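The values are calculated or read from the model by the stated rules, or taken from the named source; none is laboratory data. The model shown is predicted, which means the values in this text are computed figures rather than measured ones. Heads up, the Cβs are rebuilt from the backbone with ideal geometry, glycines too, and the neighbour counts pull from every protein chain shown.
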Amino acid sequence: MTRINPKTEINPKIKGILFDLDGTLANSFPSIIIAFREAFKFLEPYAKTKLNFTDDEIKKLIGIPHQQTFKKIANDNAAVEKAAMIFGEMRKKFMVNAIDGSIDLLNILKTKNFKLGIVTTTGRELTERILNDLDVQNLFEAVITGTDVLNLKPHPEPILKAIEILNLSKDSCVMVGDHPNDIIAANSAEIKSIAILYAHTKDEFERYNPTYIVSSIGEIKNIPGILG
């Protein structure tokens, strides 16, 4: 575990913890890679350049709205919409498993009376399906999806909406995520953040000054002010 900002360490009075979903709590990597590849296959004739994404490169796209990725690839709006539909339909075909240690952490936090929230760019229908797959749907008091806001992460709107629903102050909340957009959104919302090194490197995160960087979600319980 690496503490990045010692002057802004986790408040010992933290009461609310917001989690990204895909790649943070849910091991969505396999299904998302397949979904992207199917969408890319459709977009190939419209693409500005050849689409030769590796699995690791696709993992780094998780956390960015997929429509945004498709728009960078092709100028054809109809093709982008079709690719987004293919992506969504492919994702619905797969169940997902929990990231190792995530369910244990959520249960521990809940027994310690933390208020928990989800802040994700994934749409409402699929988010609810994933939470049901993981059997954690009853652990969260706020679930903010891409369907519920006008502006997706890295805009602060989803985080601020979750904090409002939890009825907490900014300084009593922290955002946990595996993508730089999670940290940028937390910074914009003026709350603390924890970055997890699953798809992105420490160097990629450090430029955004997360409060902490951890190598796995299970390490969060050792952070002072959380459970440590």
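Starting from region 82-107, keep only residues that are assigned to a loop (DSSP other than H, G, I, E, B), then list their pairs with residues that are surrounded by fewer than 17 Cβ atoms within 10 Å (Cβ to Cβ) and of a type in the set (Ser, Thr, Tyr) whose Cβ atoms are within a distance under 9 Å, requiring at least 6 positions of separation or different chains.
99/216; 100/216; 101/216
Does region 93-103 hold any residues that are among the charged types (D, E, K, R) and either under 18 Å from the mean Cα position of the chain (by Cα) or buried (at least 17 other Cβ atoms within 10 Å of the Cβ) (or both), and which are they?
Within region 93-103, 100 is the sole residue that qualifies.
Please find, within region 205-228, the residue that is nearest to residue 169 (Cα to Cα) out of those that are touching a strand residue (DSSP E or B) at 6+ places or on another chain (Cβ under 9 Å) and part of a helix (DSSP H, G or I).
Top of the filtered list is 220.
Within region 111-157, count every residue that is surrounded by 15 or more Cβ atoms within 10 Å (Cβ to Cβ), over 15 Å from the mean Cα position of the chain (by Cα) and of a type in the set (S, T, N, Q).
Total meeting the criteria: 1.
Condition first: among the basic types (Lys, Arg) and either crowded, with 19+ Cβ neighbours inside 10 Å or within 23 Å of residue 126 (Cβ to Cβ) (or both). Now tell me which residues in region 35-86 satisfy that.
Residues satisfying the conditions are 37, 41, 59, 60, 71, 72, 82.
How do the pairs read when you match residues in region 50-76 that are not assigned by TED's automatic domain parsing to the domain that holds residue 121 and part of a loop (DSSP other than H, G, I, E, B) with residues anywhere that are modelled with pLDDT of 95 or more and of a type in the set (Phe, Trp, Tyr), using Cβ under 6 Å and keeping only pairs 6 or more apart or on different chains?
These pairs meet every condition: 51/40.
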